[in-house]
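The values are calculated or read from the model by the stated rules, or taken from the named source; none is laboratory data. Bear in mind that the values here come from a model prediction, so they are computed numbers and not experimental data. Here Cβ is always computed from backbone atoms with ideal geometry, including for glycine, and neighbour counts include all displayed protein chains. When the accessible area is computed, the model is the full protein with side chains, heavy atoms only, and any ligands, DNA or RNA have been set aside. Shrake-Rupley method; radii C 1.70, N 1.55, O 1.52, S 1.80 Å.
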Amino acid sequence: MKKTLLLFLPALLALAGCSTPEQNKDAVKNTSPRFVEQDALALQAGKKLADQYMECFTAAVKQNDFSLLKPALPADLPLNKQRAHFADQMKWISGNLGALKESAYLDVFRKGALCEYTWKLTFEKEADGKITQIDLPYIVRTVCEKNGEVKILMVGFVVR
């Protein structure tokens, strides 16, 4: 059985929603040029935020230095818990994946106000004189709130 694990920052917000046919009619009406423009701006803002996070995250992982990740973390997160969580995750990364060698942006998947930006992270691990390369997807999920503010909801590896 395959299990999906999302590692690193815990989900900051769980979104669930139900809609009625009446609500769906309202969603269809929001295809005006103004709404499409706002959607495009939110997508750009989310990508910029995700890029900033990934720049800090990859530097922190490569150098095993939590202080390099701090600028990309939301101000309301308890840093002591995140520092401890980062240390635990670095143990997992070094033991299971090895050293981070490169990252490459893949794509964005959108669903309403949620955007999931995906990178491929490439690690190299040496064992018994052989170098093994491991590629894993890493996501940065953002949400565009009703006030137009874009926030990171969660980040993490997708491990199957």
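Each residue in segment 85-109 was checked for being over 19 Å from Gln133 (Cβ atoms) and out of contact with any strand residue (DSSP E or B) (no Cβ under 8 Å at 6 or more places or on another chain), and 7 of them qualify. If you go through segment 102-110 one residue at a time, do you hit one that is open to solvent by 80 Å² or more (accessible area, probe 1.4 Å), small (Gly, Ala, Ser) and within 30 Å of Asp39 (Cα to Cα)? No - not one qualifying residue is present in segment 102-110. Of all residues in segment 46-71, those that are part of a helix (DSSP H, G or I) have Cβ atoms under 6 Å from Cβ atoms of residues that are of a type in the set (D, E, K, R), 6 or more apart or on another chain, in Phe66/Arg83. Can you confirm whether Glu116 is out of contact with any helix residue (DSSP H, G or I) (no Cβ under 8 Å at 6 or more places or on another chain) and open to solvent by 60 Å² or more (accessible area, probe 1.4 Å)? When the stated conditions are applied, Glu116 does not pass them. Within segment 129-160, the set of residues being polar (S, T, N, Q) and open to solvent by less than 30 Å² (accessible area, probe 1.4 Å) comprises just one member, Thr142. Filtered by the rule that a residue be more than 15 Å from the chain's Cα centre (by Cα) and either open to solvent by less than 20 Å² (accessible area, probe 1.4 Å) or within 22 Å of Glu124 (Cβ to Cβ) (or both), segment 67-81 gives a lone residue, Leu68. Asp88 falls short on exactly one of the conditions (1) open to solvent by 50 Å² or more (accessible area, probe 1.4 Å); (2) at pLDDT below 85, and that condition is (2).
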